[in-house]
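Comments concern the structure below.
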Amino acid sequence: MRSDSIKKGIERAPHRALLRAVGVCSRDFDKPFVGIVNSFNEIVPGHIHLRSIADMVKTGVLSAGGIPFEFDTIGVCDGIAMNHPGMKFSLPSRELIADSVEIMAEAHRFDALVFIPNCDKVVPGMLMAAVRLNVPSIFVSGGPMLAGHMVEGGVQKPVDLISVFTAVGCVTQGKMTEAELEQIEIAACPGFGSCSGMFTANTMNCLTEAVGMALPGNGTIPATDSRRLHLARETGRQVIELFEKNVRPLDIITKESIANAFMVDMALGGSTNSVLHFMAIAHEAGIKFPLSLINQLSDKVPHLSKISPASDVHIEDLDRAGGIPAVMHEISRLLNGNSRTVTLKPLSSTYRNARVADREVIHSFSRPFSKTGGLAILFGNLAPGGAVVKSGAVLPGMMKHTGPARVFENEEDATKGIMAKKVKKGDVVVIRYEGPRGGPGMREMLTPTSLLSGMGLDNSVALITDGRFSGGTTGAAIGHVVPEAADRGPIAAIQNGDIISIDIPARKINVKLSDAEIKQRLKKVPPFKTSIKRGYLKRYIEQVGPASEGAVFKD
């Protein structure tokens, strides 16, 4: 056991003395030590209940013969961090989470790990740590929040956090009063859990099932459901099985299992951030997984489930319809069913007997929402290294769009410009210097896209950025443009009025400029300079790589 290095032998007497001080008994020294990696805090709705999840995990570990030790990581609420300087810290927190888990696990020599994430950057940060450490590991999330409900015109309708962001745009346009906005605000988030749609947190928790690192139900069982506690206890038991069989993350996370996860992602129309995060996870695992491969998967996987923000369906509805096993059953002909999982059975055993309980929520393979997946990677002279779009949330009329550029140098300027009605129908909004280095931290652009939606412009205006979008973004919102403006990518050469052409079905994004003109303009672009002179973000700017490689630190 790894933990023998802190508990066996005469020379470890000081270590044992310290361990006795935290309650370890003599008989415990022969048992595996299990680290319980919790992301509990009291400001994030997705994390405020995680003490109860950890308690159930520890009960499971103890019942199976292990000794649990809980420790915490940080966790940022992207919704609270949105649209102010705090969002610069969200993506960078992912690297700190991975590093902090590595430090704790190596310093204390845990034999196995149970990870308890819930929100956006915590899930991938913990998955990165799991493959980096490669000790027996398993995940159990805190589960999704239930949707809120309101009565409108005598009819009850679901609302969620995105409803609030969109309503802000409606107020700006004069379509809604501030009192009506407040009613939506009050109803949107009825309790704890990760926000209720197929946003980044729930996308990643669902894909953790699909990649084989969590038990069935991890992504969809509501946070308030007692089955979530049962799942946590069973997860605690299962980690001891993984330890005894010496099954490790790199036995489970392979090129094939990542492809499985992306295929489920395509069927669900998940968050564009899943691309960024699984690129980072693949990098940690030493797996080459080029962006172009994602399009190959998207071309053969139909889009089967439209969940908020693409519809009024929420994760609780997906759970009732059969959850991720039911989705995998529908696309089973495409999956690698032999991939290993934390169940100690092949992936096929998870979905073989699963069935869809609601065809309105999960369409059949033969009658999909669309024949191709809900995500696409675009390439062209504006994004030579690729860009990402949630095609499943784009209105049909915007799948192809050509229009003049309306350029903003940051999110704040774009938000002001949109609210001041400087953006017109047919425009292509360009927000640059918001990439991993330029932002820094690749901020999510949920406020601008929600404003466009609330103002009724999402059917006529596209938005392009080297930053990111929330999983709750709808419309022709194209992010992760590589190279970013701070790296003198072509997006830095765009000027107001330049004609930009977007063709999502053809996977193309181009500006109608010659290569020579782009090159000439870029020569005149001043070198990127940041106003950040100290602290973590300064170090982040110096170390972070491109979005196409997961925005991980350079080797």
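Points to keep in mind about this one:
- Figure legend. Inter-residue proximity from the range 331-348: first residues on the phi > 0 side of the Ramachandran plot, second residues open to solvent by less than 50 Å² (accessible area, probe 1.4 Å) and assigned to a loop (DSSP other than H, G, I, E, B), beta-carbon distance below 7 Å, spacing 6+ or different chains. Indicated pairs: 344/247.
- Single match in 151, 239, 164 (criterion: at pLDDT below 95 and under 24 Å from residue 75 (Cα atoms)): 164
- Checked against (1) surrounded by fewer than 20 Cβ atoms within 10 Å (Cβ to Cβ); (2) in a strand (DSSP E or B); (3) not polar (S, T, N, Q), residue 505 passes all but a single condition, namely (2).
- Matching entry among 164, 168, 131 (being assigned to a helix (DSSP H, G or I), open to solvent by 10 Å² or more (accessible area, probe 1.4 Å), touching an Asp or Glu at 6+ places or on another chain (Cβ under 9 Å) and not basic (Lys, Arg)): 164
- Apart from one condition, residue 390 fits all of (1) touching a Ser or Thr at 6+ places or on another chain (Cβ under 6 Å); (2) of a type outside the set (A, V, I, L, M, F, W, C); (3) touching a residue at least 60 places away in the same chain (Cβ under 8 Å); (4) closer than 24 Å to residue 537 by Cα; the exception is (4).
- Which listed residue is among the acidic types (Asp, Glu), without any contact (Cβ under 8 Å) to a residue 12 or more places away in the chain and open to solvent by 60 Å² or more (accessible area, probe 1.4 Å), from 72, 30: 30
- Taking (1) open to solvent by 30 Å² or more (accessible area, probe 1.4 Å); (2) part of a loop (DSSP other than H, G, I, E, B); (3) on the phi < 0 side of the Ramachandran plot in turn, residue 80 satisfies each apart from (2).
- Positions within the range 134-152 being crowded, with 24+ Cβ neighbours inside 10 Å and polar (S, T, N, Q), in sequence order: 137, 141
Yes/no matrix, rows are residues, columns are (1) touching a Gly at 6+ places or on another chain (Cβ under 7 Å); (2) surrounded by fewer than 17 Cβ atoms within 10 Å (Cβ to Cβ); (3) within 30 Å of residue 525 (Cα to Cα):
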{"site": "350", "(1), (2), (3)": "no, no, no"}
{"site": "357", "(1), (2), (3)": "yes, yes, no"}
{"site": "372", "(1), (2), (3)": "no, no, no"}
{"site": "392", "(1), (2), (3)": "yes, no, no"}
{"site": "400", "(1), (2), (3)": "no, yes, yes"}
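- Pairs with Cβ under 8 Å, 6+ apart, first in the range 156-179 and closer than 13 Å to residue 145 by Cβ, second open to solvent by 40 Å² or more (accessible area, probe 1.4 Å) and of a type in the set (Ser, Thr, Tyr): none
- Residue match in the range 509-522 (condition: closer than 26 Å to residue 295 by Cβ, among the basic types (Lys, Arg) and either exposed (fewer than 14 other Cβ atoms within 10 Å of the Cβ) or in contact with a strand residue (DSSP E or B) (Cβ under 9 Å, 6 or more places away or on another chain) (or both)): yes
- Test: residue in the range 444-454 that is open to solvent by 10 Å² or more (accessible area, probe 1.4 Å), of a type in the set (Gly, Ala, Ser) and assigned to a helix (DSSP H, G or I): yes
- Cβ-Cβ distances below 7 Å connect the following pairs, each with a first residue in the range 90-112 that is open to solvent by 10 Å² or more (accessible area, probe 1.4 Å) and assigned to a helix (DSSP H, G or I), a second residue that is at pLDDT 95 or above and among the β-branched types (Val, Ile, Thr), and a separation of six or more residues or different chains: 96/74; 100/73; 108/6.
- Residue 421 fulfils the conditions (1) modelled with pLDDT of 95 or more; (2) of a type outside the set (Phe, Trp, Tyr); (3) at positive phi except for a single criterion, (1).
- Within the range 474-491, being crowded, with 22+ Cβ neighbours inside 10 Å and either among the aromatic types (Phe, Trp, Tyr) or not in a strand (DSSP E or B) (or both) holds for 474, 475, 476, 484, 485, 486, 489, 490, 491.
The values are calculated or read from the model by the stated rules, or taken from the named source; none is laboratory data. Note that this is a predicted model, so its numbers are computed, not measured. Positions of Cβ are backbone-derived with ideal geometry, glycine not excepted, and every protein chain shown enters the neighbour counts. With ligands, DNA and RNA removed, areas are computed over all heavy atoms of the protein, side chains included. Shrake-Rupley method; radii C 1.70, N 1.55, O 1.52, S 1.80 Å.
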